[in-house]
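Asks: Below is one structure. I have some questions about it.
The values are calculated or read from the model by the stated rules, or taken from the named source; none is laboratory data. Since we're looking at a predicted model, the values are computed, not measured. We place every Cβ from the backbone using ideal geometry, glycine too, and count neighbours over all the protein chains shown.
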Amino acid sequence: MNASVSASQITGIEGDAQHILYINSFHRGYGWSDELESGLSETLSTSATPIELSVVYLDSRRFDPTTTNQKVAEILALKNVERTIDLVVTSDMAAIEFALENQRSLFPTQPIVFSSIHTQPSALIAKNEKVTGISEYTDYIQSIELALSLHPKNQAIAFVGASKESYDRNVLDIVKANIAPTLENRYDVEFLTDMSVDEVDAALANMPANTLVFMLASTLPKQEGGQYSPAETARILSSITPHPIYTYWHSHIGMVR
């Protein structure tokens, strides 16, 4: 069963309660979006006004959105969300795209708040008065320079990236186009892209002794199919190489040992 559907807990508004729908781009157990859900729940629980928080999962890292999103939208329509929801909150790009693609039919009057999308979706929200949110900005070069200042004898930089997911591909493209050219005259720069754990291990073993590793991809593929979680990815990479490993995402850091 598609977890997007089975995990949805949408019910009618009771009494004077306000009803907020949180559209999770991913699945329960994905640390970053779970933390956002927890933050919403904790904050809303302090409200003097009764607020009911419902969640729907798009499972965008497990399933192709082109084959599942329409079904999710149909189920939300059956649950009359256009009448019962007061506010929509979305996590990451997959969720805001879903909300905007279905805004006219599912959320025609409700405000939509997006959270932590990596690039400003100007084409999507232009002249849309019911949409607001926060767009992330990551200073890639400053983070790299900070790491290099801690390793003055560094000889090489290995970027572990991925191109299959749009989010990971966007980060990879930014670093390749804007960051790598500023480093290549000082260091041996390698991109380890769309590799399995064993392939990354073998590639890193051939890098110079003084190498820094930067994780651009949030996850790595499993040999048997599917993907590791961000925390699993960080833990695995830190266990297979002696090189210092850096990341831009806090979701990697929590369980690194």
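Asks: Restricting region 38-70 to residues that are acidic (Asp, Glu) and modelled with pLDDT of 90 or more, which is surrounded by the fewest Cβ atoms within 10 Å (Cβ to Cβ)?
Replies: Glu42
Asks: May I ask you to list the residues in region 12-34 that are farther than 18 Å from Thr84 by Cβ and either in contact (Cβ under 8 Å) with a residue 40 or more places away in the chain or touching a Lys or Arg at 6+ places or on another chain (Cβ under 8 Å) (or both)? Talk me through it step by step, then tell me what you get.
Replies: Taking region 12-34 first, the residues farther than 18 Å from Thr84 by Cβ are 24-34.
Hits for region 12-34 are Asn24, Ser25, Phe26, His27, Gly29, Tyr30, Gly31, Trp32, Ser33, Asp34.
Asks: Of all residues in region 181-200, which are in a helix (DSSP H, G or I) and surrounded by 17 or more Cβ atoms within 10 Å (Cβ to Cβ)?
Replies: Leu183, Val197, Val200 - these are the residues of region 181-200 that are in a helix (DSSP H, G or I) and surrounded by 17 or more Cβ atoms within 10 Å (Cβ to Cβ).
Asks: Okay, moving on. Quick one: how many residues across region 217-248 are surrounded by fewer than 17 Cβ atoms within 10 Å (Cβ to Cβ) and assigned to a loop (DSSP other than H, G, I, E, B)?
Replies: So the answer is 7.
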